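> Before I ask anything, let me first share the structure, which is written out below as structure tokens.
FYI, it's all coordinate maths here, none of it is from the lab. Owing to the predicted nature of the structure, the values given are computational and were not obtained by experimental measurement. Glycine gets a Cβ as well: all are built from the backbone with ideal geometry, and neighbour counts include every protein chain shown.
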Ligand code: SAH
Ligand code: SF4
Ligand code: F3S
């Protein structure tokens, strides 16, 4: 039995076809599960989206299939995020709506998982009468046992224990048919940045063994047609420390897997970017030419208050080393504006850093106090108005930088894996991401052409600060091949 995201203690599911109806039925313990529908809403980071995929995978074994229509659901699940106030608020308003669904459908089951449930599960259960159960981030593999308990008549319970297994050992579960997959390699975070809730919602760092991840990815490539993987963790650069392994070693092993085209990883902490990893960015042919490296602030004083363990100079030194190792590398970052007591000068230092670092894109947020973190009780003279103004100004400033970077791309031909369509002013366009994570849109030669999951070469014709438009130069189809020689 797998360990690492909650041991399964309940009876095993057995499926059979009902001879009378011809429908699939599932027996778990003494309860029969007919085909049912689950509606699930996810908030937060890739980790949460990945967990949702895993939950849905398990629920299939209990005869639940996914529905996009909430009214149609027998089970409503929320996978929550606690990173900023706004993420919490969005969840609370959705949870409120589920009350109406339950009024209409008495046997509807409602559950809440994820980062809010991990820390506030007990309170949620108490506060919201229509909520049946809450479960934390480290028990998602036992979702079927929880749902089973609700059908056995239990209600108002929470499961949010930390998994006690020595190793973090799981197999990637995917239900989608795309050639892209997330692969969780490390869970938790030991960093305790002063503003951040994640160490409290995701627990201590624990890595999967390198050999297990390699076998997992081999299977994904061989049996599920995966061509692109994103290695996932809150601090992926800490990977393998407890086992004498490392992210760089893992990448160089994954590199050898035939049929795997592209390796990405997220998210990095600058403190843990090793020379070995920087070297891997030069050596590996399959490692993405994009790296997301959150800096948070350009002021050393603020970085110190954030407990980030590096200086702006160290960060810029890393950018330079990475660009030397791989001249094609493209960098992006996260910024928090308005950390407690951030002065004008400290704010200005972040704008200076944006100038120097030349990021391809950024995610930026105003500081949001999270209960239980060190920053939440720091002295703070800033008003929310100042925070908002600074954020707006910073975003405008960065868009200016991006506009120049993107403009320089006109005339270049780049390869993308097409991942969908967009509709702009009534014109249907296909779109994909380059190896370096830039979005390029293109108009198909024939309106009815289907390019989904094709590898194509596009010649960039025009740009905006956020994306590019291109002309189709070559369509390689869906056939896996060595793309980035
Ligand atoms: N593990 C990653 C990402 C963590 S959360 C890392 O170490 O960078 C994603 C982003 O949310 C962070 O990079 C940070 O920019 C932002 N964030 C985290 N806590 C925040 C808070 N309390 N207020 C505002 N933004 C926050
Ligand atoms: Fe949060 Fe810092 Fe850990 Fe990232 S490294 S998840 S910002 S505590
Ligand atoms: Fe949010 Fe939890 Fe991710 S707090 S950002 S969902 S780890």
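> Quote the Stokes-Einstein diffusion coefficient, in whole µm² s⁻¹, for the chain, based on the Kirkwood radius over alpha carbon pairs, a temperature of 25 °C and a viscosity of 0.890 mPa s.
Taking Rh from Cα pairs, D becomes 101 µm²/s.
> Next up: Before anything else, pin down the relative contact order of region 180-405: Cα pairs under 8 Å, at least 6 apart, normalised by residue count, whole percent.
18 percent
> Turning to a different aspect of this structure: Please report the Cα spread of region 417-482 along all three principal axes, rounded to whole Å, starting with the longest.
The Cα atoms of region 417-482 stretch 33, 28, 17 Å along their principal axes.
> So between residue 309 and residue 103, what do we pick up on full extension, going 0.36 nm a residue minus the alpha carbon distance?
Full extension of this stretch gives 69.1 nm more.
> How would you order 193-200, 6-13, 360-367 from highest to lowest mean count of nearby Cβ atoms within 10 Å?
Per-residue Cβ counts within 10 Å, averaged per peptide and sorted highest first, yield 193-200, 360-367, 6-13.
> Roughly what would the spin-label model give for residue 381 and residue 275, points 7 Å off Cα along C-beta, in nm?
4.4 nm
> What does the highest-first list of 455-466, 153-164 look like by mean Cβ count within 10 Å?
In descending order of packing, they fall as 455-466, 153-164.
> Applying a 10 Å radius around every beta-carbon, put 24-35, 206-217 in order of their mean neighbour count, most first.
206-217, 24-35
> Rg and Dmax of region 1-154, using alpha carbons, in Å: what are they?
Every Cα atom of region 1-154 included, Rg and Dmax give 15.3, 52 Å.
> Pairs of Cα atoms under 8 Å, at least six residues apart: use those to get the relative contact order of region 119-198, whole percent.
26 percent
> How far is helix 85-104 tilted off the main Cα axis of the chain, in degrees rounded to 10, range 0 to 90?
The angle comes out at about 30 degrees.
> Another question, if that's okay. If I fit a long axis through the Cα atoms of helix 46-60 and take the longest principal axis of the Cα atoms of the chain, what angle between them do I get, 0 to 90°, rounded to 10?
Relative to the chain, helix 46-60 is tipped by roughly 30 degrees.
> Can I ask one more? How far is helix 210-224 tilted off the main Cα axis of the chain, in degrees rounded to 10, range 0 to 90?
The answer is roughly 80 degrees.
> Okay, moving on. Find the Rg to Rh ratio for region 302-427, where Rh is the Kirkwood radius over alpha-carbon pairs and Rg uses the same atoms.
Reported Rg/Rh, Kirkwood definition of Rh: 1.04.
> Take every Cα pair under 8 Å in the chain that's 6+ residues apart, average their separations, divide by the length, and report that relative contact order as a whole percent.
10 percent
> What percent of all Cα-Cα pairs in region 180-405 falls into each 10 Å bin, going from 0 up to the bin containing the maximum distance?
Reading upward from the zero bin: 8, 31, 33, 21, 7, 1.
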